[in-house]
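Below you'll find the structure, written out as structure tokens, and then a few comments.
The values are calculated or read from the model by the stated rules, or taken from the named source; none is laboratory data. Just so we're clear, the structure is a prediction, and the values are computed from it rather than from any experiment. Because the Cβ atoms are built from the backbone with ideal geometry, glycine has one as well, and the counts that use them run over all protein chains shown. Calculation scope for accessible area: heavy atoms of the full protein, side chains included, ligands and nucleic acids excluded. Shrake-Rupley method; radii C 1.70, N 1.55, O 1.52, S 1.80 Å.
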Amino acid sequence: MKLETLGWNSFFAEPFAHQFADTAYTVGRVALEHKHIYRVYSEHGELLAEIAGKMRHNALGREDYPAVGDWVVVSARPEEGKATVHAILPRKSKFSRKVAGTVTEEQIVATNVDTVFLVNALNRDFNVRKIERYLLMAWESGANPVIILSKADLCDDVEEKVRAVESVAIGVPIHVVSSLDNIGVDELRPYLGEGRTIALLGSSGVGKSTLINRLHGHEVMDTGSIREDDDRGRHTTTHRELILLPAGGILIDTPGMRELQLWETGDSFEESFKDIEELAESCYYRDCTHAKEPDCAVRGALADGTLDQGRWNNYVKLQKEAAYLARKEDQRLQLAEKEKWKKINQSQRKMKHRK
Ligand SMILES: Nc1nc2c(ncn2[C@@H]2O[C@H](COP(=O)(O)OP(=O)(O)OP(=O)(O)O)[C@@H](O)[C@H]2O)c(=O)[nH]1
Ligand SMILES: [Zn+2]
């Protein structure tokens, strides 16, 4: 693998030369992390890498560990297919979530993205306020945003919607795309030149995977199915979160990047399901689960057709997803807190020892 194909350029080469010129270290780009083992693309092909003890010891938080997209400094053992990571080169851009709670930590979900495609479907989920929010996230990351209005084949007032987007996204390129009819896809290729990294941001179901397959030319992503069990399809041995496109360009697609969508659109969730929230208020029981309680306004509305069954199913699905993510986040925070104290205790013990 040529480093330039992987996105190597002077932004990374300069700090590397500056700090590591006299060493035998080389570099690689993180394609996947799983249980503290990193799959790293390098000139020697793909290597399985672990963090050096010293680097781990000096790490204070999550941001000090490699994330998908990072360029890492490694000592490579190509004959074994292995490597040790010693440092992370400065990040050109990063997508992260600030995790609030007892420990304020940054969880990095993708780094060194040049262009981020903000994908929004031109169907009834179309929402300019959501686009505004995505734009903020993009600006914050340091990547250049490009707005993709997908599923154009489902829309009869494209012009009007484009104008609405233009008014909130001054100076940002806007592309109208239909992956189904192969409209507008080729216009996206210039963003994907050799060594350029892109990521996709957009709600579930807007057609990100379908677009990735179009751009790649092969079915590299599952589409259309509801991924209840996210771990299955996405962590198989062949699965990588840094995808090299045959015609040049690198695509980043991490579960974290997909979660970002849901997390950051927390209050728009209630906004978009206002009708259901309002219905639920007129259920007889305050804590009605809308399952089998008597006088349930939601079931009533489903029965007489005032509430669309598909819309209700989607609402339930998204709520489950949000609850699942919140639970996962909780566990993660507890673990992080434990780790932190373990480290503090260890260093205190060491200090005592020295005295
Ligand atoms: N009509 C129409 N349907 C599309 C288009 N692109 C994708 N779809 C359909 O929309 C559904 C969702 O597409 P995906 O590509 O899986 O959406 P996604 O954004 O990857 O969804 P998640 O993986 O849940 O984040 C599938 O049934 C696709 O066939 C399009 O251009 N037009
Ligand atoms: Zn109810």
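If I ask for residues that are part of a strand (DSSP E or B), over 30 Å from F11 (Cα atoms) and of a type in the set (G, A, S), which ones from the stretch 155-210 would you list?
S178
For the stretch 189-209, enumerate the residues that are within 16 Å of ligand 1 (Cβ to nearest atom) and surrounded by 20 or more Cβ atoms within 10 Å (Cβ to Cβ). Spell out the reasoning first.
Our first condition is that a residue be within 16 Å of ligand 1 (Cβ to nearest atom); within the stretch 189-209, this holds for 198-209.
Hits for the stretch 189-209 are I198, A199, L200, L201, G202, S203, V206, G207, K208, S209.
Condition test on D186, is it in the same structural domain as N112 (by TED's automatic domain parsing), more than 8 Å from ligand 1 (Cβ to nearest atom) and of a type in the set (D, E)?
yes
Is there any pair with a first residue in the stretch 205-222 that is assigned by TED's automatic domain parsing to the domain that holds S150 and modelled with pLDDT of 85 or more and a second that is near ligand 1 (Cβ under 6 Å from one of its atoms) and among the basic types (K, R) whose Cβ atoms are under 8 Å apart and which are 6 or more apart or on different chains, and what are they?
Once the first residue is assigned by TED's automatic domain parsing to the domain that holds S150 and modelled with pLDDT of 85 or more and sits in the stretch 205-222, its partners that are near ligand 1 (Cβ under 6 Å from one of its atoms) and among the basic types (K, R) give V206/K151; G207/K151.
How many of the residues making up the stretch 102-136 are open to solvent by less than 30 Å² (accessible area, probe 1.4 Å) and assigned to a helix (DSSP H, G or I)?
So the count comes out to 3.
Give me the residue from the stretch 51-94 that is touching a strand residue (DSSP E or B) at 6+ places or on another chain (Cβ under 6 Å) and acidic (D, E) and, out of that set, surrounded by the fewest Cβ atoms within 10 Å (Cβ to Cβ).
Only one residue tops the list, namely E63.
Consider W341 carefully, then state whether it is modelled with pLDDT of 70 or more and open to solvent by less than 50 Å² (accessible area, probe 1.4 Å).
no
L302: of a type in the set (A, V, I, L, M, F, W, C), more than 8 Å from ligand 2 (Cβ to nearest atom) and at pLDDT below 80, yes or no?
Spelling it out, it is not the case that L302 is of a type in the set (A, V, I, L, M, F, W, C), more than 8 Å from ligand 2 (Cβ to nearest atom) and at pLDDT below 80.
Restricting to the stretch 11-29, what's the tally of residues that are open to solvent by less than 70 Å² (accessible area, probe 1.4 Å) and either under 26 Å from the mean Cα position of the chain (by Cα) or closer than 21 Å to V113 by Cα (or both)?
So the answer is 7.
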